[in-house]
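Asks: What follows is a single structure, and I will ask about it in a moment.
Nothing in this text is a laboratory measurement; each read-out follows from the coordinates by a stated rule. This structure is a prediction, so every number in the text was calculated from the model and none was measured. Positions of Cβ are generated from backbone atoms using ideal geometry, with glycine treated the same way; all protein chains shown enter the neighbour counts.
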Amino acid sequence: MALHVEGVDLVSKIYRLPAALANQIAAGEVVERPASVVKELIENAIDAGAKRINVVTEFGGKKLISVEDDGEGMTPDDAKLAVERHATSKLRTSDDLAAILTLGFRGEALPSIASVSRFRLRTRTRGAMSGTEIRIEAGETVSAKEVGAPEGTLIEVQDLFYNLPARRKFLKADTAESAQISKLVSQLALGYPEVGFLLRSGGRTVVETPPASSLAERFFQMYGDRPDLIEVRKQAAGITIHGYVAALGEAGPVRGPQHVFVNRRLVRDRTINHAIQQAYSVATIKERSPEVHLFIELPPDRVDVNVHPTKAEVRFLDTGLVHEVLRRGIVDALGQTGVPELVLSQATLTPSLPMAGALPLSFGVRSADPLGDAIERAIQMPGIADASAFMGASSAAMGMNNDPRVGAAPGRETIATLIKPMTPLGQFRNTFIIAVDDEGLAIIDQHVAHERILFEQISERLLSGTLESQRLLTPIILDFGAGEHATLKGHFEGLAKFGFELEDFGGTSIRVVAVPAILKIEESAAALRAAAGDLEGLTPGSGINESVRQLAALMACHAAVKANDPLTIDKMKHLLDELRRTAHSSVCPHGRPVVLRLTRREIERNFDRI
Ligand SMILES: Nc1ncnc2c1ncn2[C@@H]1O[C@H](COP(=O)(O)OP(=O)(O)OP(=O)(O)O)[C@@H](O)[C@H]1O
Ligand SMILES: [Mg+2]
């Protein structure tokens, strides 16, 4: 395009964008919705050392967003610079960029916001006689003057996107935008316990957290007492992990929000998500997103924060290291009652095991439940597990020192020799096996115990090839929903490893030619239907291991003895012997506990023998 300027035809087709337009373009990335404005303004206040931050919004932030802080404020000259593009106090050289210590660093937020709203900045530095007020509309400065003002900074953003109707149209209903804002303020409040936050939305107080002295205190302010979460603390290789994560309850870990802060910056990160998933997958396969609130600290030069337009992602220099430290931190916390560190290291180094589920770690060993009733408590206490958890938990309950042999990282063979066999006494309601050993009484859920045993065996078998299959005399034709049919078709090969021989029968039908030898024929159909559902429900990208793992668990579940199945004493004995040989046998593959124990100490105490 040729421009006509003062009678001269310019040949150049390129020209410099006016500042307001450049800022609007930048705003396209920085300011997506009211919540992004709130985020930028709160982060500025935090960077300015604020101890109190008050946020007020009207109409989901579309009409008004106001953020006031008691931070260091700006001088008149700084205030004028602050609203210009690429003006920042947080960065001077490219070396600084390699180790960012502040939340902001680009010098883009304020000019971007001011270019798409009616913007007012009022600020005063500590000890200054007066303050400065600047008004900007759609990027054009309307006024800048000296005013009286409290120390700190107030920024008001009115009529967001009023000059960009197309962007405004994309905003959601006020309630939805308000919800995003309160979620964001809560998240930042969690990340900055020392700062007091107040959010008022449409005249209602939505978040109010006075300054707290620790994460634990802030956590309590926000979430109350949460016995279903456990604390994570880990320090290794210059990386520190602290926070709270879902414990392994009877029904698996609780689902919930996943908050991850890296050097106090709230981020989303695939490596971190994967590490969390792996840590939990050792004990449970069902839960996709356990609640976590995690704080990861590492030297600022080991993480690049300048990789995402809204600074919501980071890049680690040593991705593998972060993954491993985090995974171990969570694994330690989940299994903390009975897993000596040595066992853990050996387990993690065992190279030949197929999936996380086969690592000889112990889980489901929960600390004592604060129920009043002693028997209730004893029953709810730890299950047996592999040797480490078993010895650790039971000897702790006996008030004895841990057997030193336990720390010697037993392999599977030694595990079996370390645990004395349990003697089955009988069944309770044809569902639970009652057994005794020197340490006390044990109540074993026969279905979940058998399920765990089979899961390990299946996993191991898959390592060396495929499961045995049995051909059907007459093939079965099964009908599926369209989605399930498509899913199954995509997994014929994988299912063949488990012993299923399947053919597409046209429409949404599948012909079953052979089934796994471990399954009864009538169970096979049910297992296949469940497999279709499970595989369809898998999040895309969760990978082949995850589907194998799910199928192994499913197969184990269908092949295992059921509740209400009467068992002979011999069968019970066999089951208990197998259980002794099974890694982390205290929880079933779905995360349910396998064994409840009533320890000798509890029994004696209840008979007043201590
Ligand atoms: N609440 C505040 N209190 C004191 N100074 C502030 C405040 N908000 C902004 N500033 C000053 O204005 C500058 C520009 O802010 P702006 O948010 O535009 O950029 P930034 O924070 O440096 O980087 P980023 O674009 O990554 O947020 C900041 O560097 C800071 O010096
Ligand atoms: Mg900023």
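Asks: Give the separation of the Cα centroids, the stretch 30-103 to the stretch 225-266, in Å.
Replies: 29
Asks: Still on this structure, I have one more. Which whole-number percent is the relative contact order of the stretch 469-511 (Cα, under 8 Å, 6+ apart)?
Replies: It comes to 51 percent, rounded to a whole number.
Asks: Take the alpha carbon atoms of the stretch 291-332, find their center, do the same for the stretch 136-167, and report the distance between the two centers in whole angstrom.
Replies: Taking the Cα centre of the stretch 136-167 as reference, the centre of the stretch 291-332 is 36 Å away.
Asks: Could you list 330, 241, 230 so that the one with the fewest beta carbons within 10 Å of its beta carbon is first and the one with the most is last? Mind showing how you got there, number by number?
Replies: Values: 330 27, 241 24, 230 19.
With the fewest neighbours first, 330, 241, 230 line up as 230, 241, 330.
Asks: What FRET efficiency, computed as 1/(1 + (r/R0)^6) with R0 = 45 Å and r the Cβ-Cβ distance, is obtained for residue 141 and residue 98, rounded to the nearest 0.05?
Replies: 0.85
Asks: Using a cut-off of 10 Å between beta-carbons, work out the net charge of the residues near residue 55 (Lys and Arg +1, Asp and Glu -1, residue 55 not included). Could you put the intermediate results ahead of the total?
Replies: On the way: positive: 200; negative: 68, 69.
Charge balance in the 10 Å sphere: -1.
Asks: Another question, if that's okay. Quick one: net charge of residue 103's neighbours, Cβ under 10 Å, K/R +1, D/E -1?
Replies: Result for the neighbourhood of residue 103: +2.
Asks: Also: Students often forget the sequence filter, so: which aspartates and glutamates lie under 16 Å Cα-Cα from residue 562 once same-chain residues fewer than 8 apart are removed?
Replies: Once the sequence-local aspartates and glutamates are set aside, what remains near residue 562 is 445, 451, 522, 523.
Asks: Taking the number of other C-beta atoms within 10 Å as the exposure measure, put 271, 102 in order starting with the fewest. Before the final figure, lay out the partial values.
Replies: Details: 271 15, 102 18.
Sorted ascending by nearby Cβ count, the order is 271, 102.
Asks: If you put +1 on each Lys and Arg Cβ and -1 on each Asp and Glu Cβ, how big is the dipole of the stretch 19-209 around its Cα centre, in Debye rounded to 20?
Replies: That gives a dipole near 580 debye.
Asks: Moving on. Can you flag which of 497/520; 39/169; 13/169; 489/520 are past 24 Å Cα-Cα?
Replies: Over 24 Å Cα-Cα: 13/169.
Asks: Another question about this same structure. Can you compute the FRET efficiency between residue 86 and residue 479 using 1/(1 + (r/R0)^6), with r the Cβ-Cβ distance and R0 = 45 Å? Round to the nearest 0.05. Present the calculation step by step, with values, prior to reporting the outcome.
Replies: Values: r = 64 Å, r/R0 = 1.41.
Efficiency at R0 = 45 Å is approximately 0.10.
Asks: Another question about this same structure. Take the alpha carbon gyration tensor of the stretch 19-209, find the square roots of its eigenvalues, order them as a ≥ b ≥ c, and report rounded if a/c is under 1.5; if not, report prolate when a/b exceeds b/c, else oblate.
Replies: Numbers: a/c = 1.29, a/b = 1.11, b/c = 1.16.
Here the stretch 19-209 falls in the rounded category.
Asks: Multiplying the sequence separation of residue 520 and residue 297 by 0.36 nm and subtracting their Cα-Cα distance, what value in nm do you get?
Replies: Details: separation 223, 0.36 × 223 = 80.28 nm, distance 5.19 nm.
Separation in residues times 0.36 nm, less the Cα-Cα distance, equals 75.1 nm.
Asks: Counting other C-beta atoms within 10 Å, which of 159, 577 has the fewest, and how do the rest follow? All intermediate terms of the calculation are to be shown ahead of the outcome.
Replies: Values: 159 17, 577 14.
Placing the least packed residue first, the sequence is 577, 159.
Asks: Using the Cα gyration tensor of the stretch 116-191, with a ≥ b ≥ c the square roots of its eigenvalues, what is the shape: rounded (a/c below 1.5), prolate (a/b larger than b/c) or oblate (neither)?
Replies: oblate
Asks: Dipole size in debye (nearest 20) for the stretch 226-313 around its Cα centre, Lys and Arg Cβ +1, Asp and Glu Cβ -1?
Replies: Computed about the Cα centre, the dipole is about 120 debye.
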